[in-house]
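Colleague: One structure, pasted below without further comment.
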Amino acid sequence: MTVFGLLVLATVLAFGLSKNALRELAVTGTVWQAAKASEAAEAGTDWFMLWSNKDNWANATGNKRDTLVQALQQLNATDTWRTSTYLLDQSITSTADRWDRAVQVTSSETDTDSDMVFANSGTGYKQSTQVKQSFDLMFRYLGHPLESTVSSTAGNPSGGTTAAKGTSLNLYQLQSTGKASVDTGGSYMRYQARREVYSTVAP
């Protein structure tokens with residue numbers, strides 16, 4: 001009876017330890033996926049900063065870069081933005097009623113020609129099933145910041161009395177949503193993280 005009792009106790013202890021081990025594995029996996037999503041969100045803000053720079057537009061061909069540039073150009077235009085195919089709210093069919101100058105550039109885990117989706121090669125991107133990192137962007141035109149102009153004649157190259165003007169910049173609110181997607185066989189389980197920044201962009 002004593003041996004039987006000890007055997008039952010050992011079995012219960014082993015079962016409890018295995019449950020704790022499985023729980024630790026689940027927590028570790030969740031933290032790992034969250035870190036991957038956070039990395040993708042940070043990459044999205046960097047990607048926007050790089051390709052929203054007008055000096056880089058000549059090289060923004062393909063790989064979703066040209067999509068970003070086209071959306072920015074439409075947002076900057078007085079009337080063109082109303083008919084943009086990238087507008088965040090497409091439910092408003094009347095262009096005259098559209099007021100929110102916000103667009104969305106998205107990615108899909110199955111994209112093979114987009115640099116919004118990370119390369120999936122090597123063991124660093126795998127955990128039981130393949131994990132894909134990607135990001136989506138939403139940016140909203142907020143107008144010109146007050147610092148865009150200089151209200152003095154100092155620095156006027158003509159030497160006249162006309163107030164010198166600084167570079168007129170456009171202010172944007174940017175939201176980058178990073179995704180770490182686990183392929184579950186035809187569909188994805190997505191872990192997400194978001195970063196929000198405000199950025200000035202030369203028109």
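The values are calculated or read from the model by the stated rules, or taken from the named source; none is laboratory data. Quick caveat, the model's predicted, so the values are computed rather than measured. When we count neighbours, we look across all protein chains shown, and the Cβ atoms used for this are built from the backbone with ideal geometry, even at glycine.
Colleague: Looking at Leu75, Leu87, Leu50, which is the one that is touching a residue at least 24 places away in the same chain (Cβ under 8 Å) and closer than 26 Å to His144 by Cβ?
Modeller: On inspection, the qualifying residue turns out to be Leu75.
Colleague: Count, please, the residues in region 89-104 that happen to be surrounded by 14 or more Cβ atoms within 10 Å (Cβ to Cβ) and in a loop (DSSP other than H, G, I, E, B). Reasoning before the result, please.
Modeller: Looking only at region 89-104, we keep the residues that are surrounded by 14 or more Cβ atoms within 10 Å (Cβ to Cβ), and these are 98, 101-104.
Retained after the next criterion (residues that are in a loop (DSSP other than H, G, I, E, B)): 98, 101.
Residues in region 89-104 being surrounded by 14 or more Cβ atoms within 10 Å (Cβ to Cβ) and in a loop (DSSP other than H, G, I, E, B): 2 in total.
Colleague: Kindly list the number of the only condition in (1) under 30 Å from Asp183 (Cα atoms); (2) in contact with a strand residue (DSSP E or B) (Cβ under 7 Å, 6 or more places away or on another chain); (3) not in a loop (DSSP other than H, G, I, E, B) that fails for Ser107.
Modeller: Ser107 satisfies all of (1) under 30 Å from Asp183 (Cα atoms); (2) in contact with a strand residue (DSSP E or B) (Cβ under 7 Å, 6 or more places away or on another chain); (3) not in a loop (DSSP other than H, G, I, E, B) except (3).
Colleague: Which one of Thr106, Thr112 is within 19 Å of Tyr188 (Cβ to Cβ) and at pLDDT 85 or above?
Modeller: Working: Thr112 fails: at pLDDT 85 or above.
Thr106 is the lone residue from the list that is within 19 Å of Tyr188 (Cβ to Cβ) and at pLDDT 85 or above.
Colleague: I've got another one for you. Identify all residues within region 72-88 that are assigned to a helix (DSSP H, G or I) and among the hydroxyl-bearing types (Ser, Thr, Tyr); write none if there are none.
Modeller: Initially, region 72-88 is screened for residues assigned to a helix (DSSP H, G or I), giving 72-76, 80-83.
Listed by number, the residues that qualify are Thr80, Thr83.
Colleague: Looking only at region 139-183, filter to residues that are more than 33 Å from the chain's Cα centre (by Cα), surrounded by 13 or more Cβ atoms within 10 Å (Cβ to Cβ) and of a type in the set (A, V, I, L, M); which one of those is modelled with the lowest pLDDT?
Modeller: Here the residue is Val150.
Colleague: Only one of Tyr125, Tyr198, Tyr191 is modelled with pLDDT of 85 or more and surrounded by 13 or more Cβ atoms within 10 Å (Cβ to Cβ); which? Outline the logic, then answer.
Modeller: Values: Tyr125 fails: modelled with pLDDT of 85 or more; Tyr198 fails: surrounded by 13 or more Cβ atoms within 10 Å (Cβ to Cβ).
Going through Tyr125, Tyr198, Tyr191 in turn, just one is modelled with pLDDT of 85 or more and surrounded by 13 or more Cβ atoms within 10 Å (Cβ to Cβ): Tyr191.
Colleague: To continue, here is another question. With the requirement that a residue be of a type in the set (A, V, I, L, M), modelled with pLDDT of 90 or more and surrounded by fewer than 20 Cβ atoms within 10 Å (Cβ to Cβ), what does region 38-68 give you?
Modeller: Going through region 38-68, the residues of a type in the set (A, V, I, L, M) turn out to be 40-41, 43, 49-50, 58, 60, 68.
Okay, now just the ones that are also modelled with pLDDT of 90 or more, so 40-41, 43, 49-50, 68.
Correct list: Ala43, Met49, Leu50.
Colleague: Additional query: Within region 35-71, count every residue that is among the hydroxyl-bearing types (Ser, Thr, Tyr), under 17 Å from Val201 (Cβ atoms) and outside any helix (DSSP H, G or I).
Modeller: 1
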